[in-house]
Amino acid sequence: MRLSRYFLPVLKEDPKEAQIVSHRLMLRAGMIKQQAAGIYSWLPLGYRILRRIETIVHEEQARAGHIPMLMPTLQPADLWRESGRYDDYGEEMLRLKDRHKRDLLYGPTNEEMITDIFRAHVNSYKDLPLTLYHIQWKFRDEIRPRFGVMRGREFLMKDGYNFDLTKEAALHAYNRHLVSYLRTYERMGLQAIPMRADGGPIGGDYTHEFLVLAETGESEVFYDSEITDLTFGDRQIDYDSVEQCQAVLEEFTSRYARTDETHDEAVYAQIPQERRRKARGIEVGQIFYFGTKYSEPMGATVVGPDGARVPVHMGSHGIGVSRLLGAIIEANHDDRGIIWPEGVTPFHAGIVNLKQGDASTDSACEALYAALRAQGLDPLYDDRDERAGAKFATMDLIGLPWRITVGPRGLAANKVELTERRSGESTEVTPEEAVARLARVYAPVLAQAYPIA
Ligand code: ATP
Ligand code: MG
């Protein structure tokens, strides 16, 4: 992308309405624009990152064997009357009527609708196990929308639903989701710790929330510091293996880690004093097993092996796709701006032309641009006629992990400057070396790609 032809409305001043750094930086970097309380337009840069995050979520769901689909945002109220949640959900549900006076709602989640789809089309235990998911906009009329996309009213969520014959099989689906989520967040450069949580309006006895530690997080959390040493890494997991998924669950949930809803002082007190941590966290996902809570009232049954109809065991599993942008920025920024992890960066590198209009500098930049693209990388070329300082400030603000600075003085010795955003370290290298080095840096990131189902 050439910056002169892009739409990147960066702000010079700090917007007054933003209370936390991620919200401030998203507004300043021209990623989002608020249209109403908790409702945002995604401007090109923000949309690009949103899609990168969505793609990682899709790829990791495909790797786990889960099947994508798409359900509508508007749902008929009658489905929710069947489960009893139409009355229970309260004011967070946005209710509306169509021209025929039929009650509709903007979906806050999709358990009822997916159960309706299941009961219409699945009849036999032979069609199980089945896990369907979608990434779709949700609406919750939050009493206090705030912190930008972190607590919006309209927000993008991945929600997946497993259908299994038995509780054991459904718990394997639960574990499988836990494994796939660990991998998903790590690809985004995040440590998201599974913590024992509360079921809330979704219900259920088994549930974990995934929390990113951050001072601005809305959840209070308590954990054993040993848990922060765990990483999933690039281990290969057979998602069909009950033992392997169970082992990962045990590894990541055996140490104390709970949100305040389930916190137990007595158990916490048994952790050695020096390992006890009380902190704040951002909830970026949650998994639930809730058995037959929806399948029973809604008649989602299958013919079992012995010929009798039984309600299926279900769970639901959510990732806060749009909230993740805020969470990633909270965990990755400095006083100059955002620092995108390489897995989610909107552009892999920025090219800064120090002397736009100078024939040899322009052509060196063009050559770099083409060479990076030939490596499968996506550069952002600042080809505007601007001062160097302004170009650097924009690159730092929008947070590209790498910058290549090209000027006539360096080029005289066939050198450009390669700068890492996070450390600020610069090295003088030939243009070819710069390309080769970025190709090496991004090779493991690109290797994570997985065909989407
Ligand atoms: P919270 O406790 O933060 O209100 P929740 O537990 O009600 O969230 P879930 O039903 O578990 O939310 O939804 C799955 C994921 O969707 C959450 O883990 C969170 O990351 C995201 N999410 C929920 N509410 C919002 C919101 N208002 N804005 C942005 N993302 C949200
Ligand atoms: Mg939750």
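One table, with the values for the structure above:
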| quantity | calculated |
| --- | --- |
| Separation in nanometres of the label points that stand 7 Å from Cα toward Cβ, at residue 387 and residue 449 | 4.0 nm |
| Cβ-Cβ FRET estimate between residue 19 and residue 425, R0 fixed at 30 Å, reported to 0.05 | 0.40 |
| Magnitude of the charge dipole, segment 347-447, Cβ model with Lys/Arg +1 and Asp/Glu -1, debye to 20 | 200 debye |
| On Cα atoms only, tilt of 321-331 relative to the major axis of the chain in degrees | 50 degrees |
| Unit charges at the beta carbon, dipole of segment 347-447: most positive-side option, 371, 411, 393 | 393 |
| Residue 47-residue 409 pseudo-label distance in nm [points 7 Å out on the Cα-to-Cβ vector] | 4.0 nm |
| Pairwise label distance in nanometres, residue 198 with residue 92, each label 7 Å out on the Cα-Cβ vector | 1.1 nm |
| Nearest-ten-degree value, helix 167-187 long axis tilted from longest Cα axis of the chain | 10 degrees |
| Nearest 10 degrees, 0 to 90: helix 242-253 Cα axis against the chain principal axis | 70 degrees |
| Cβ-placed point charges (K, R +1; D, E -1), dipole of the chain about Cα centre in debye, nearest 20 | 1320 debye |
| Options 282, 241, 297, ranked by Cα towards positive dipole end of segment 189-306, top entry (Cβ charges) | 282 |
| Which of 312, 147, 57, positive extreme of dipole for the chain (C-beta unit charges) | 147 |
| Distance from segment 197-259 to segment 65-120 (C-alpha centre basis), Å | 29 Å |
| Within the chain, helix-based [θ] at 222 nm, where runs of 4 or more DSSP H residues each add -39,500 (n - 2.57), nearest 500 | -10000 deg cm²/dmol |
| Pairs beyond 20 Å (Cα-Cα), from 126/167; 97/138; 167/293; 158/278; 101/293; 16/158 | 158/278; 101/293; 16/158 |
| Relative packing of peptides 323-329, 67-73 - highest average C-beta neighbours within 10 Å first | 323-329, 67-73 |
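Coordinate-derived values only; no laboratory data. What you see is a predicted model; the values in this text were computed from it and never measured. Every residue, glycine among them, receives a Cβ derived from its backbone with ideal geometry; neighbour counts consider all protein chains shown.
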